[in-house]
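Following: one structure in C-alpha cells, then a few remarks.
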Amino acid sequence: MATVEIQDAAKSFGATRVIRGVSIDIRDGEFVVLVGPSGCGKSTLLRMIAGLETIDAGEIRIGGRRVNGLRPKERDIAMVFQNYALYPHLTVAENLAFSLNLRKAPQQEIDDRVARAAKILGLEPLLKRLPKQLSGGQRQRVAMGRAIVRDPQVFLFDEPLSNLDAKLRVAMRTEIRELHQRLKATTVYVTHDQIEAMTMADKIVAMHDGVVEQVGTPLELYDRPRNVFVASFIGSPAMNLLTVKANGQGVADDAGNQWAVPGVPATGGQALTMGVRPEHLRIDPAGVQARVQVVETTGSETHVIADAGGARLTCVLRERVGVRPGDDVRLGVDSAHLHLFRTDSGERLERVH
C-alpha cells in the first residue's frame, strides 16, 4: 500500500473555485473519510486523486510519486462508485475479472484473484449471476471485489452506500471496515453522512466550501471542534448553538438564561457562540427554565425539544422520562461540556484554566 500526499491542491470549474488550496497527508494503511455537505468539494478532491479530474494547482503524490499528469490507470488506484458501475451483460465473475482481462493477466492469476475476492466478500455462490439478479448490497460487494482483485496501492470510495436503505447501510459500513482491517489498505472514503464518518474513519477530514475545516480522529472532532461549522456538522442530533455574552458568573444567552462557564476569557462584552451537545443536557433542578415543545421516543433514547425563553434546545436523555409537550422542566449541563466560539470568525475560543 502507499501514502497519499495532497499539497495546496486547487480546482476551478470556470469562475467557480471548488477546491481552495487543500493539503492532506494520508498515512500508509490509514482509513481517511472526507466528509462535508453536498457541494463542499469532497467528491471533486477524490476524483483529483483518481485522475478523473485535472488539478489546476498544487501537487498530489501516491506512494511518494507525483501523479499530477498521470492517467487514472497509471496511478495504481481502484475506485468504488456510488452507482456500482457494473457491466450488466457480464456475470459476477466476469465483472470481477474485467480489469485483469483488460491487461491480459495470466489466466491462473485471474482465477486466483477472483476466487480470493469472492471468498473475502462472500460472493462465491453468486459468481454466475448477472448484476440484475443481485440485491443492492450484493452489487456493492461486487464493486468492492472488482477493486480488490486489482490489488491497488489506494482504494477510493465515492459515497458507496448512498443508494442503499438504512438497515443495509449499517451492515455495509461494518463490512467495509472489516475489509479494511483485513487488507490493511490505504483507503480514502467520501460521504456526506457524518455517522458513516464517525463510525468508519481512522481520520476525518471535514470540508466546507472547498477548504479543510479540521483534520483529526472522530473523537477529536467531536470533543474539540475547531469551529462552529465542525461543531454543528459532526454529531446527531446537531449541537445546540446559542448567542451569549460573558459576565462575572459565566455567560448569559439572549433569553437571559445564566450558564456557569468557568474560565471565560475577557471578550470586551462581545457576543460569543456557546455550544452544547444534546446528550450532555440533562434534567436538573438547578438548570435553566424551559418548556417542552416536542418529545420523540426512539426506544433507547428520549429526544426532548424545549424552549428556554426563546432559546431552542434539543436534549437527548438515555433514561426514561415522563415529560410531555407543555411541561416545564429545568435543563442543566456539566460546564466541561460547554463549547465557546467567536461569533465573528466561528473559531473555537479556549477557556482559561
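The values are calculated or read from the model by the stated rules, or taken from the named source; none is laboratory data. Computed from a predicted model, the values in this text were never measured in an experiment. Neighbour counts run over all protein chains shown; Cβ positions are idealised from the backbone, glycine included. Quick note on the areas: whole protein, heavy atoms, side chains included, nothing else; ligands and nucleic acids left out. Shrake-Rupley method; radii C 1.70, N 1.55, O 1.52, S 1.80 Å.
Observations
- Subset of region 24-36 (residues that are of a type outside the set (Lys, Arg) and part of a loop (DSSP other than H, G, I, E, B)): Asp28, Gly29, Glu30, Gly36
- Members of region 109-147 found to be basic (Lys, Arg), touching a helix residue (DSSP H, G or I) at 6+ places or on another chain (Cβ under 7 Å) and within 25 Å of Lys167 (Cβ to Cβ), listed by number: Arg129, Arg139, Arg141, Arg146
- The residues of region 1-23 that are open to solvent by less than 10 Å² (accessible area, probe 1.4 Å) and either assigned to a strand (DSSP E or B) or at pLDDT 95 or above (or both), listed by number, are Val4, Ile6, Ala9, Ile19, Val22.
- Verdict on Val205 being β-branched (Val, Ile, Thr), assigned to a helix (DSSP H, G or I) and at pLDDT 95 or above: no
- Residues of region 65-97 satisfying the condition of being open to solvent by 70 Å² or more (accessible area, probe 1.4 Å) and closer than 25 Å to Leu161 by Cβ: Gln82, Asn83, Tyr87, Pro88, Glu94
- Pairs with Cβ under 8 Å, 6+ apart, first in region 217-245 and small (Gly, Ala, Ser), second part of a loop (DSSP other than H, G, I, E, B) and open to solvent by 40 Å² or more (accessible area, probe 1.4 Å): Ser232/Ala238
- Hey, Thr314 under 26 Å from the mean Cα position of the chain (by Cα) and touching a residue at least 40 places away in the same chain (Cβ under 8 Å) or not: yes
- Flag for Arg139 being assigned to a helix (DSSP H, G or I), under 29 Å from Leu45 (Cα atoms) and open to solvent by 70 Å² or more (accessible area, probe 1.4 Å): yes
- Number of positions in region 324-353 that are among the β-branched types (Val, Ile, Thr), more than 28 Å from the chain's Cα centre (by Cα) and at pLDDT 90 or above: 1
Residue by residue, here is whether (1) more than 22 Å from Glu178 (Cα to Cα); (2) of a type outside the set (Asp, Glu); (3) modelled with pLDDT of 95 or more holds:
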site: Glu74; (1), (2), (3): yes, no, no
site: Val80; (1), (2), (3): no, yes, no
site: Leu86; (1), (2), (3): yes, yes, no
site: Phe98; (1), (2), (3): yes, yes, no
site: Asn101; (1), (2), (3): yes, yes, no
site: Pro106; (1), (2), (3): yes, yes, no
site: Glu109; (1), (2), (3): yes, no, no
site: Arg113; (1), (2), (3): no, yes, no
site: Glu124; (1), (2), (3): no, no, no
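- All positions within region 149-200 that are among the polar types (S, T, N, Q) and either under 13 Å from Leu34 (Cβ atoms) or in a loop (DSSP other than H, G, I, E, B) (or both): Gln153, Ser162, Asn163, Thr187, Thr191, Gln194
- Selected residue (criterion: farthest from Leu100 (Cα to Cα)) from residues of region 145-158 that are of a type in the set (A, V, I, L, M) and touching a Leu at 6+ places or on another chain (Cβ under 6 Å): Leu156
- Residues (out of contact with any Asp or Glu (no Cβ under 6 Å at 6 or more places or on another chain) and polar (S, T, N, Q)) located in region 69-92: Asn83, Thr91
- Selection count where residues are in contact with a strand residue (DSSP E or B) (Cβ under 7 Å, 6 or more places away or on another chain) and either assigned to a helix (DSSP H, G or I) or of a type in the set (D, E, K, R) (or both), scope region 37-67: 13
- Of all the criteria given as (1) over 27 Å from Gln181 (Cβ atoms); (2) open to solvent by 40 Å² or more (accessible area, probe 1.4 Å); (3) in contact (Cβ under 8 Å) with a residue 40 or more places away in the chain, the one not satisfied by Gly41 is (2).
- Residue satisfying condition, being out of contact with any Gly (no Cβ under 9 Å at 6 or more places or on another chain), aliphatic (A, V, I, L, M), touching a residue at least 24 places away in the same chain (Cβ under 8 Å) and over 30 Å from Arg20 (Cβ atoms), within set Ala97, Ala85, Ala105, Ala117: Ala97
- Qualifying residue in region 113-122 (condition: crowded, with 19+ Cβ neighbours inside 10 Å and of a type outside the set (A, V, I, L, M, F, W, C)): yes
- Scan of region 168-214 for residues that are touching a Lys or Arg at 6+ places or on another chain (Cβ under 6 Å), open to solvent by 10 Å² or more (accessible area, probe 1.4 Å) and aliphatic (A, V, I, L, M), ordered by number: Val211
- For region 78-113, taking the residues that are among the aliphatic types (A, V, I, L, M) and assigned to a loop (DSSP other than H, G, I, E, B), the one that is farthest from Glu159 (Cα to Cα) is identified as Ala105.
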